[in-house]
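*Asks:* Take this structure, written in structure tokens, and hold onto it; I'll ask about it next.
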Amino acid sequence: RWRYARSFYFQSGNDPMELARTTRAVGGVCLVLLGLLAFFYGRWIGGNSVGLISALLITFLPDSLAHGAVAYNDLMLALAFLGAIWVLDLAVTKGSKKRWGVLAGVVVALALGVKFSALALFPVAAVLFALEHLAGDGSKQPQTGDPSRPEQALWRSTLAKAGLATLGVYLTTVVLYDGDFQLLRLIEGLKITVEHALVGHEAPAYLFGATQDNGFWFYFPVAFLVKSPVALQ
């Protein structure tokens, strides 16, 4: 990939500075969109004040500011991930409106198209569905089935939307992979990703003055506590 990048930037008649400017601009646009999305999602949850606080926290997070100036897909993933969470939230709270299940599947597939880290959306969806069932808010019960048995109706609606979401993920992924109905390239990519995650980068990890070939299980919790602002925590 380094040979390809060198050829693309410096050996194909392209202007490397123009390429750098235009591709970095995409990161800046994604940062603005992420802030707007955080505001509107927060406002949907708790009003304008919640939306404003959410937008400020996520926009001025050092990671967001840093990635807003580089041509990479992590900020795009954050944008797609948050959008997918909102649509999933709508899917579990909109009762019998099955179309939200389809839309959730489409958005989750698009997030996966940005980066395989979006696989974390599947356990997030499971948690959202579980919380909705545990809440038992009668005002959100679907208006389908026997009204005297709202829990059964809720489960039927949940299973129907989960099935539609799965279909949405599959069909959107087929489109993203140019009609690969067997999803062979997706499976191969996932295989490579899992193998890389098991092996890690080909360098020892460093933490608290120590190095270890296989890394530290508590590395990321420590990194989160040390490197993210107190306001976000």
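The values are calculated or read from the model by the stated rules, or taken from the named source; none is laboratory data. Worth saying up front: this structure is predicted, and the values here are computed from it rather than measured. Glycine also receives a Cβ, built like all others from the backbone with ideal geometry; neighbour counts cover every protein chain displayed. The protein model used for the area step is the full one, side chains on, heavy atoms only, and it has no ligands, DNA or RNA in it. Shrake-Rupley method; radii C 1.70, N 1.55, O 1.52, S 1.80 Å.
*Asks:* Shape of region 1-125 from its Cα gyration tensor (a ≥ b ≥ c, root eigenvalues): rounded if a/c is under 1.5, otherwise prolate when a/b > b/c, or oblate?
*Replies:* Because a/c hits 1.5 or more and a/b fails to exceed b/c, region 1-125 counts as oblate.
*Asks:* Could you give the Stokes-Einstein D for region 23-85 in µm² per second, using the C-alpha Kirkwood radius, 25 °C, 0.890 mPa s?
*Replies:* Translational diffusion coefficient: 215 µm²/s.
*Asks:* Compute the angle between helix 16-46 and the longest alpha-carbon principal axis of the chain, please, reported from 0 to 90 degrees and rounded to the nearest 10.
*Replies:* Roughly 30 degrees between the two axes.
*Asks:* Rolling a 1.4 angstrom probe over the protein heavy atoms, how many square angstrom per residue are accessible across region 174-233? Intermediate results must be reported in sequence, preceding the final value.
*Replies:* Values: 5150 Å² over 60 residues.
Accessible surface, normalised per residue, equals 86 Å².
*Asks:* Tilt of helix 121-135 relative to the longest C-alpha principal axis of the chain, in degrees (0 to 90, nearest 10)?
*Replies:* 30 degrees
*Asks:* Here's another thing I want to ask about it. Give a residue-ordered list of calculated ³J(HN,Hα) values for region 174-190 (Karplus: 6.51 cos²θ - 1.76 cosθ + 1.60, θ = phi - 60°; whole Hz; x for Gly, Pro).
*Replies:* So the J values, rounded to whole Hz, are 4, 5, 4, 9, 6, x, 7, 5, 7, 6, 5, 5, 5, 4, 5, x, 5.
*Asks:* Rounded to the nearest percent, how much of the accessible area of the chain (1.4 Å probe, protein heavy atoms only) is carbon and sulfur?
*Replies:* The nonpolar share, carbon plus sulfur, comes to 67 percent.
*Asks:* Where does the chain land on the Kirkwood hydrodynamic radius, alpha-carbon pairs, in angstrom?
*Replies:* The Cα-based Kirkwood calculation yields 20.7 Å.
*Asks:* Suppose all protein chains stay in the model; what accessible area per residue would a 1.4 Å probe give for region 26-143, in Å²?
*Replies:* 50 Å²
*Asks:* For the chain, what is the charge dipole size about the Cα centre, in debye to the nearest 20, if Lys and Arg each add +1 at the Cβ and Asp and Glu each add -1 at the Cβ? Please report the intermediate quantities before stating the final value.
*Replies:* Details: 18 positive and 15 negative charges, 93 e Å.
Using only the charged Cβ atoms, the result is roughly 440 debye.
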